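Enquirer: Below is one structure. I have some questions about it.
The values are calculated or read from the model by the stated rules, or taken from the named source; none is laboratory data. The model shown is predicted, which means the values in this text are computed figures rather than measured ones. Using ideal geometry, Cβ is built from the backbone for each residue, glycine included, and neighbour counts are taken over all protein chains shown. Ligands, DNA and RNA are stripped out before the accessible areas are found, and what is left, the full protein with its side chains, is counted by its heavy atoms. Shrake-Rupley method; radii C 1.70, N 1.55, O 1.52, S 1.80 Å.
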Amino acid sequence: MIEATGLTKRYGSKTAVDGIDFAVRPGLVTGFLGPNGAGKSTTMRLIVGLDRPTAGTVTLNGQRYADLKSPLHEVGVLLDAKAVHTGRSAYNHLRAIAATHRIGRRRVDEVIALTGLESVARKRVGGFSLGMGQRLGIATALLGDPGILILDEPVNGLDPEGVIWVRQLARHLAKEGRTIFLSSHLMSEMAQTADQIIVLGRGRIIADAPVADILAQATGTAVRVRTPDAARLAQLLHRPPEVTVTQSAPDLIEVNGLASSQIGEIAATSQIVLHELTPVTGSLEDAYLALTQDEVEYHAGGTLEGAAQ
Amino acid sequence: MTIPAAPTPTRIASAHQSGRPKVRVVGLSFGGILVSELIKLWTLRSTVWCCAIVLALAFGIGLLAAGFAGSQPGTIPGAAQQSQAVTVATIGVIFGQLVLSVLGVLVISGEYGTGMIRSTLAAVPKRIPALLGKAIVLAVTSLALGLVTIYGTALLQLPFLSNAGIHTNFADPKLNLALLGGVAYLALIALMSFGIGAIIRNSAGGIATALGLLLVLPTVLQIFAAVTRATWVQNVAEFLPTNAGGHLFTYASTASTSVAGVISLNATEGGLVLVAWAAVAIVVAALLLRRRDA
């Protein structure tokens with residue numbers, strides 16, 4: 001269980017995390033989603049005490065991270081793939097971190113096997129690819145077999161096989177009753193892994209709900225209709241007030257609030273020819289984009305929206 | 001490089017049996033932190049290189065100096081013989097301190113440069129034990145290296161020095177005090193540099209600052225003192241780490257004098273001044289480590 005209350009972090013005049021409250025519960029994979037610069041990594045650094053909150057608190061099983069008796073056994077953390085000395089081998093890195101908690105070599109060998117690093121474990125980390133660095137970071141997080149796992153962008157740089165492996169690992173560990181907190185800026189990835197999603201934008205929580213709910217929100221009942229008689233059909237469809245019709249081209253309308261079958265029947269009784277009748281199911285990606293539309297700090301194209309405010 | 005196939009879920013399952021940690025939990029301990037820091041120090045090539053260079057420089061320059069002394073046979077009075085023996089045995093300290101200073105900075109700045117510090121502090125979230133663990137491991141390593149370096153040099157020099165009429169007497173407590181003083185000097189310089197590295201958190205900046213303090217500042221003050229003939233400049237220079245600490249490995253340096261207002265520290269005073277330098281650097285580093293974001 002991770003609980004944050006009023007968690008705030010300011011760097012100078014810039015507010016990275018703006019008084020957020022959330023709880024990450026055990027037995028679930030909780031996805032932490034947001035555009036670049038939304039404050040995901042800062043939040044994760046605050047959780048494990050690498051940064052000091054400007055205000056608010058965050059606890060792990062009721063305790064501050066620094067007060068944990070045995071941090072590695074309670075919390076495993078992957079903050080970024082580069083938290084390793086490049087001059088040391090993966091094996092020696094794991095051995096050194098394990099030694100602080102008197103974790104034996106057997107467990108070190110175990111996490112190396114678990115993350116598929118056997119063939120490169122004796123090589124210096126400086127030569128590792130992003131994906132291998134990521135595996136080493138996950139291996140480090142798993143050393144103490146912790147009940148809480150915090151992974152910042154764990155699939156970053158992994159090959160498809162590695163992505164599936166992380167997904168299975170996260171699901172498996174959650175099923176064992178552990179608390180799994182993953183960040184990502186890829187909604188599609190989260191849709192397949194997470195049970196619960198917390199969406200962060202510009203340091204604030206935009207949504208905190210089960211994946212199914214967020215998906216339902218996005219999956220409206222929009223139907224795309226293409227017909228040469230668009231204007232007449234639009235009028236016919238407008239009868240119930242909850243139905244909205246938007247015309248996007250002379251022969252194209254989008255209908256909300258009616259099923260495609262109903263639209264088809266109305267068109268048939270009025271003898272209107274239809275060229276297309278397509279139910280548009282919103283994706284999680286759409287939901288995410290809709291949610292974060294106003295919260296993206298760095299838009300492509302080089303305009304800095306925040307600077308104007 | 002290629003990566004082997006990712007483990008199947010069954011392998012994951014075997015390693016994580018439901019809820020119960022398979023690992024025997026001992027927890028975080030200071031002993032564990034010391035072992036961790038020892039592993040970290042000795043699994044980097046820079047450590048091995050630094051130690052090899054210290055030894056090679058000390059032995060090489062020591063033998064050169066002894067050989068030079070041996071080529072000028074003569075008779076020297078007893079106390080002066082011991083004093084000479086100390087001087088040639090510790091001649092490599094001047095160069096060794098620079099290498100140990102670099103090592104001291106790198107021990108901590110290397111972690112900041114690579115991001116390793118985040119792994120370190122995630123494992124030791126109270127932070128100060130990690131800093132102390134590093135300092136202790138560095139001190140013990142420097143002391144051991146210093147002992148081998150200085151006594152090794154002294155032993156290698158024996159045949160050359162006896163040619164010059166210098167008979168090193170290892171039973172002389174004052175000789176051992178001076179040689180051990182050299183060992184302590186090296187460790188204290190390493191610790192002070194470690195503190196500087198922890199404050200600056202950047203390898204290039206840390207090394208520049210530490211070497212500036214050891215090499216540049218004494219020279220600048222010396223020139224300044226020679227030009228102005230101001231006693232206060234000379235007195236300030238006397239309290240620099242190199243000058244104050246230098247008394248640690250001077251034979252029978254007992255008298256602290258103040259001739260015409262110019263202070264000259266003795267071995268104990270000089271040693272304490274150097275201890276203060278190292279202590280202040282590490283205490284400031286500790287205070288900053290507690291406050292700063294990592």
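Enquirer: Which of (1) out of contact with any helix residue (DSSP H, G or I) (no Cβ under 8 Å at 6 or more places or on another chain); (2) buried (at least 22 other Cβ atoms within 10 Å of the Cβ) is the odd one out, the single condition residue A:180 does not satisfy?
Expert: Unmet condition: (1).
Enquirer: Could you check how many residues of the stretch A:114-130 are more than 10 Å from chain B (Cβ to nearest Cβ) and surrounded by 18 or more Cβ atoms within 10 Å (Cβ to Cβ)? Please lay out each step first, then the result.
Expert: Here is the first cut: in the stretch A:114-130, the ones more than 10 Å from chain B (Cβ to nearest Cβ) are A:121-122, A:130.
Applying the additional criterion that residues be surrounded by 18 or more Cβ atoms within 10 Å (Cβ to Cβ) yields A:121.
Final tally of qualifying residues: 1.
Enquirer: Is it true that some residue in the stretch A:27-36 is touching a residue at least 40 places away in the same chain (Cβ under 8 Å), more than 15 Å from the chain's Cα centre (by Cα), closer than 18 Å to residue A:147 by Cβ and open to solvent by 20 Å² or more (accessible area, probe 1.4 Å)?
Expert: Keep residues of the stretch A:27-36 that are touching a residue at least 40 places away in the same chain (Cβ under 8 Å), which gives A:27-36.
From what is left, the residues that are more than 15 Å from the chain's Cα centre (by Cα) are A:27.
Next cut, closer than 18 Å to residue A:147 by Cβ only: A:27.
With open to solvent by 20 Å² or more (accessible area, probe 1.4 Å) added as a condition, the list becomes A:27.
Within the stretch A:27-36, one or more residues are touching a residue at least 40 places away in the same chain (Cβ under 8 Å), more than 15 Å from the chain's Cα centre (by Cα), closer than 18 Å to residue A:147 by Cβ and open to solvent by 20 Å² or more (accessible area, probe 1.4 Å).
Enquirer: In addition: Can you name every one of the helices (runs of 4 or more DSSP H) wholly within the stretch B:153-252 that holds 1 or more residues which are touching a strand residue (DSSP E or B) at 6+ places or on another chain (Cβ under 8 Å)?
Expert: Output list reads B:231-238.
Yes/no per residue for (1) closer than 30 Å to residue A:267 by Cβ; (2) within 14 Å of chain B (Cβ to nearest Cβ); (3) surrounded by fewer than 21 Cβ atoms within 10 Å (Cβ to Cβ):
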| position | (1), (2), (3) |
| --- | --- |
| A:132 | no, yes, no |
| A:149 | no, yes, no |
| A:152 | no, yes, no |
| A:159 | no, yes, yes |
| A:199 | no, no, no |
| A:226 | yes, no, yes |
| A:233 | yes, no, no |
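Enquirer: Whether any residue in the stretch B:202-220 is touching a helix residue (DSSP H, G or I) at 6+ places or on another chain (Cβ under 7 Å), within 22 Å of residue B:106 (Cα to Cα) and open to solvent by 70 Å² or more (accessible area, probe 1.4 Å) is what I want to check.
Expert: Residues of the stretch B:202-220 touching a helix residue (DSSP H, G or I) at 6+ places or on another chain (Cβ under 7 Å): B:202-203, B:206-207, B:209-211, B:213-214, B:218.
Right, trim to within 22 Å of residue B:106 (Cα to Cα) and you get B:202-203, B:206-207, B:209-211, B:213-214.
The next check asks that each one be open to solvent by 70 Å² or more (accessible area, probe 1.4 Å); those that pass are B:202.
Yes - at least one qualifying residue is present in the stretch B:202-220.
Enquirer: Suppose we filter the stretch B:100-154 for residues that are of a type in the set (S, T, N, Q), more than 22 Å from residue B:183 (Cα to Cα) and open to solvent by 10 Å² or more (accessible area, probe 1.4 Å); how many remain?
Expert: Matching residues across the stretch B:100-154 total 2.
Enquirer: So which residues in the stretch B:244-255 are closer than 19 Å to residue B:91 by Cα and open to solvent by 60 Å² or more (accessible area, probe 1.4 Å), if there are any at all?
Expert: B:250
Enquirer: Let me ask something else about it. Just checking, how many residues over the stretch B:222-242 are open to solvent by less than 70 Å² (accessible area, probe 1.4 Å) and at pLDDT 95 or above?
Expert: Adding up the residues that qualify gives 3.
Enquirer: Just a yes or no: is a residue in the stretch A:83-95 in contact with a Phe, Trp or Tyr (Cβ under 9 Å, 6 or more places away or on another chain) and within 24 Å of residue A:36 (Cβ to Cβ)?
Expert: Within the stretch A:83-95, one or more residues are in contact with a Phe, Trp or Tyr (Cβ under 9 Å, 6 or more places away or on another chain) and within 24 Å of residue A:36 (Cβ to Cβ).
Enquirer: Same structure again: Tell me, which strands (runs of 3 or more DSSP E) lie completely within the stretch A:11-113 with 1 or more residues that are within 13 Å of chain B (Cβ to nearest Cβ)?
Expert: The strands (runs of 3 or more DSSP E) meeting that bar are A:14-24, A:55-60, A:75-78.
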